[in-house]
1. For B:GLY120, all conditions in the list (1) surrounded by fewer than 20 Cβ atoms within 10 Å (Cβ to Cβ); (2) under 30 Å from A:GLY287 (Cα atoms); (3) away from every other protein chain (no Cβ under 14 Å) hold save one; what is the number of the exception?
2. With the checklist (1) under 29 Å from A:ASP238 (Cα atoms); (2) buried (at least 17 other Cβ atoms within 10 Å of the Cβ) in hand, flag the one item B:ALA95 doesn't pass.
3. Using the structure shown, decide if B:PHE185 is under 27 Å from the mean Cα position of the chain (by Cα), over 27 Å from A:ALA221 (Cα atoms) and aromatic (Phe, Trp, Tyr).
4. Could you tell me which of the residues A:VAL109, A:VAL96 is within 14 Å of chain B (Cβ to nearest Cβ), crowded, with 19+ Cβ neighbours inside 10 Å, modelled with pLDDT under 90 and in a helix (DSSP H, G or I)?
5. Just to be sure, is A:LEU167 without any contact (Cβ under 8 Å) to a residue 24 or more places away in the chain and not aromatic (Phe, Trp, Tyr)?
6. Identify, by number, the condition in (1) closer than 30 Å to B:ALA162 by Cβ; (2) away from chain B (no Cβ under 14 Å); (3) among the β-branched types (Val, Ile, Thr) that A:ILE248 doesn't meet.
7. Does any residue of the range B:322-333 turn out to be more than 26 Å from B:ALA95 (Cα to Cα) and of a type in the set (Ser, Thr, Tyr)?
8. Of all helices (runs of 4 or more DSSP H) completely enclosed by the range B:237-319, which ones contain at least 3 residues that are over 30 Å from A:THR219 (Cα atoms)?
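The values are calculated or read from the model by the stated rules, or taken from the named source; none is laboratory data. This structure is a prediction, so every number in the text was calculated from the model and none was measured. Backbone-built Cβ (ideal geometry, glycine too); neighbour counts: all protein chains shown.
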Amino acid sequence: MELFLARLFDGLSSGATYAVIAVALVLIYKATTLINFAQGELAMLGSFFAYILAIEQGIPLYLAIVLAMLLSAVLAAGIERVLIRPFDPADHLPLVIITLGLFLVINAVAGMIWGFDPRSFPRMFPEGDVWSMGIARLRWYTVGTMATVLVLLVLLTLLLKKTKIGLAFRAVSSNLESSGLVGVRAGPTLQFGWMLATAVGTLAGALFVADPFRQLDPTWAQRVLIFAAAAAVLGGLDSLWGALAGGIILGLVESMVVGYVDWIPNQMGLAAAVVAIIIVLVIRPNGLFGSKAVERV
Amino acid sequence: MSQPRPITEGSTAHRVYRYVPWAIFAFIAITAPFWAAHTPAFSIGESTLTFSLGNLNHAVAYMVGVLGLGILVGYNGQISLGNSFFMGVGGYVTATLVTDDGWSFLATLVVVLPVCFVIGMLIGLPALRIKGLYLALTTLGLAAVFPSIVRMEQLRDRTGGANGKRIESDLDAPGWVPIEPIGDFLSSIPLVGEWAYGEGVSGREADAVWVYLLLAALTAAAFWVARNLIYSRPGRSIIAIRDNETGAAVNGVNVPMTKTLTFGFSAMLGGLSGTMYAMAIGFVAPDVFGINLAIFLIVGLVVGGVGTLSGAIIGGIVIVFVPVWSAQIESVPGVPERFLRGPTGLFILGVLLIVLTFFLPGGIVYGMRKIRARFVQIVPDRQVAGDDVVVATGDATGGKMSRHGGKTALDVDDDPTLPDDDPHEEQAKRILDRDDGAESAPVSAPAQQTNQGETT
């Protein structure tokens, strides 16, 4: 029982962080039907922004994270305008290539500026446990991350459902051409989607590396991107709450399967994520909560 | 700009134009190891860039990997990022068979090629339902998983775990290959011989040259097979699926079968490339075949040219030498020195990827074709026009029915002479086809549209 609870809490805590990056992927996918392969690296960059602002500039941590979110949103606006908008959204290959190029460039720039030595990110949540039973410890970090994810999703839902820019965003994501006909300017709206997604990604990055068991270095996002993408696919790539469900399920699967099935080695969590992607895409391409895609020939 | 010089097809000038560059290329390709064996160095500013034979062998191994990816992505239109996985399989299978079971390097291909083909087909099966971005995502996941597979405890005996595996076998130059005499001969060429080829090769250098020649032979075989595949009937089916999947199906292409087989073929070339990597480097490690290699292959493909075969040669060289050279650069005016010690190679490759996608979407090969078209233009000989007609309509039209002779365009190999009722159209077609060949149509097709597709 203790072991089960311990694994449950582990799963929840990593699942929640996967979920936040998955939310960022979903935001961009909703806006542009593009999977941004550089999303993880943008989140990594954002987590470095927050680290630098908090540690080297001495700004209070929460304010530093907000500033880092703004900073990365501005960066994303520039990337969208310069590198993404000139391409036809329906033609996938050039966009995949561009985001892969961004992946390499951001990774290299972070390595060149900050080096590859691991750093420890300041704690976002109090240390210690909310509740514990033997080895099963529900840490403040887990609770704090879950709470942040829930608040974030509520805010995003309100933003998309209640505000004018949210309406424009939904119009563009449902039909690019028709939204243009009713006077929505697609370019700035998609740019807004990129900014929102990258800000969310930065928050996710900060949450991820704030775990006392993790450290900040330019490579942390590479593995996480696959997990986050698996979470997004599992939940249905265009569903925000689906991303949360997908992240939690994946986190639980990772900790339970690897914990309970003896012959599966520890490192196979990533493989489990990839297998999850393949199974979902083959059996139920719209994921658990995604809207059905209608294909015309 | 003056008009391009017309060269009549079949004339002596045309033959010279066609075969002389090939001869030069072959000469350079064969003599390159004798040149690189003593590591020529170039000085730029305060930095010294070297061109070593080891790196050249490495590049030749990657060429085949880029070629395999290019067939899948450039000709079949399946965006896959997972070919590093198959390179890893090839590299590790070769490493373990050679070291643990005492096989010879080339004999391991008997295992590597079928194994990779089958794994590729198995992964190609879900790819029938997973398309576009989803396929890219899935295969990227596959690439990311490979390092953790070979690190597994259960496989440690075979794979060497996280430390990688050194291959305990040397490829020594056999006595019957006159490598040293050739080296001596090249350096005895008057005027340039000693300057370019030094004192000739001996001992370990000769062994490295032998490895290069083996790799070059394998690469040549791979390109020959790939070229024949693309220019054959199955190749036209492959291209037709890229251009319009529904159209291809309507015209009788077995789409699932063709896609799965293409995946298998691409994986097989990936495996061959992995074996060649093992031959060239003599060491395999988990992180060599990770997510970075997967992206490097894409870089090689885009730099060389998506939808070209020859682009893979350029691509292989770029993805090996750019990181090597950028690590050797010690100072660039105006750039703080500590930035040059980081992963500058990754940075340059990433920038190349973005810049080329914007300004030269067809890659370097397409750029060279454009430059060539400014100077020469191949025109068909009017007198024999209509005799040896091979019209590769399958490329551009995605397998539209050709009325001539009642056959489909997919049968062009034995298409009978076209009737003479539309000579002008036929002439135009022939000029188009001959000018950049079936190979170049894909270059412009997917990539060029992108720059024009300015969205609002």
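1. (1)
2. (1)
3. Values: under 27 Å from the mean Cα position of the chain (by Cα): no; over 27 Å from A:ALA221 (Cα atoms): yes; aromatic (Phe, Trp, Tyr): yes.
Considered against the rule, which asks whether it is under 27 Å from the mean Cα position of the chain (by Cα), over 27 Å from A:ALA221 (Cα atoms) and aromatic (Phe, Trp, Tyr), B:PHE185 comes out as no.
4. Step by step, each of A:VAL109, A:VAL96 is checked, and only A:VAL96 is within 14 Å of chain B (Cβ to nearest Cβ), crowded, with 19+ Cβ neighbours inside 10 Å, modelled with pLDDT under 90 and in a helix (DSSP H, G or I).
5. Working: without any contact (Cβ under 8 Å) to a residue 24 or more places away in the chain: yes; not aromatic (Phe, Trp, Tyr): yes.
Against the criterion (without any contact (Cβ under 8 Å) to a residue 24 or more places away in the chain and not aromatic (Phe, Trp, Tyr)), A:LEU167 qualifies.
6. In the conditions (1) closer than 30 Å to B:ALA162 by Cβ; (2) away from chain B (no Cβ under 14 Å); (3) among the β-branched types (Val, Ile, Thr), A:ILE248 misses (1) alone.
7. Looking only at the range B:322-333, we keep the residues that are more than 26 Å from B:ALA95 (Cα to Cα), and these are B:322, B:325-333.
Applying the additional criterion that residues be of a type in the set (Ser, Thr, Tyr) yields B:326, B:331.
There is at least one residue in the range B:322-333 that is more than 26 Å from B:ALA95 (Cα to Cα) and of a type in the set (Ser, Thr, Tyr).
8. Numbers: elements: B:245-250, B:255-281, B:291-304.
Counting at least 3 such residues, we get B:245-250, B:255-281.
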